[in-house]
Amino acid sequence: MEPTLQIPATAPHTWYRALYTEHRDAFVKWAQQHYGVREEEARDAFQEAVIVLYRKAQGDDLSRLECSMRTYLFAVGRNQLLTRMRVLRRQEALNEEFHGIPDEALATKGMDEQEKEATAELVRQRLAELKPDDRRVLELYYLEGKDMDAVAEALGLKNRNVAKKKKHFALQRLIALVRSAKMLLL
């Protein structure tokens with residue numbers, strides 16, 4: 001027989017708080033052992049798991065559970081951790097990627113290190129807003145060091161001149177995004 005989720009009608013927040021307190025420390029310990037995360041990250045993931053439980057219970061999505069409450073919270077918390085880890089890995093990959101773009105392309109000549117880093121971060125953020133084709137042409141040329149013939153071939157373009165034009169316009173769009181972001185920051 002499947003367990004039924006029974007949240008008391010009176011003082012449901014007290015029930016959630018007690019549930020959180022009862023399982024949090026065990027989850028934190030488990031997450032640290034299995035995923036090597038810091039205590040704060042594990043606590044955040046578990047808190048998100050309780051919030052997911054709360055929201056699903058509001059929509060009556062959990063009227064019947066096929067597992068224990070602890071198992072449910074650990075599974076949701078684990079998914080929260082894995083999602084966070086994927087996002088962090090993507091951000092780290094982007095950070096590493098853009099150390100390969102020359103200063104001339106980022107227009108950071110004459111800036112001190114702090115300004116260069118801020119501009120590079122802005123470029124990383126704005127690059128994600130570009131269309132995939134634009135992003136790819138910049139990656140091929142600046143990060144992978146491909147020449148225009150190789151870029152044209154990789155993108156299935158007619159010739160190097162078409163690739164050169166595509167790179168030029170992609171870079172112009174990126175620069176425009178960075179400039180507009182800088183204007184918003186002023």
- Note on the structure: Scanning region 136-154 residue by residue, those within 13 Å of residue 167 (Cα to Cα), of a type in the set (Asp, Glu) and either part of a helix (DSSP H, G or I) or touching a residue at least 60 places away in the same chain (Cβ under 8 Å) (or both) turn out to be 139, 149
- Task: Please list, ordered by first then second residue, the pairs with beta carbon atoms under 9 Å, 6 or more apart or interchain, first in region 53-81 and under 16 Å from residue 32 (Cα atoms) and of a type in the set (Phe, Trp, Tyr), second at pLDDT 90 or above and surrounded by fewer than 18 Cβ atoms within 10 Å (Cβ to Cβ).
- Result: 74/26; 74/30
- Where a residue in region 1-25 is over 16 Å from residue 67 (Cβ atoms) and modelled with pLDDT of 90 or more and its partner, wherever it lies, is among the hydrophobic types (A, V, I, L, M, F, W, C) and in a helix (DSSP H, G or I), with Cβ under 6 Å and at least six apart: 20/50; 24/46
- Query: What is the residue count in region 127-157 for residues that are among the basic types (Lys, Arg) and buried (at least 19 other Cβ atoms within 10 Å of the Cβ)?
  - Reply: 0
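The values are calculated or read from the model by the stated rules, or taken from the named source; none is laboratory data. Please read all numbers here as calculations on a predicted model, not as lab measurements. Heads up, the Cβs are rebuilt from the backbone with ideal geometry, glycines too, and the neighbour counts pull from every protein chain shown.
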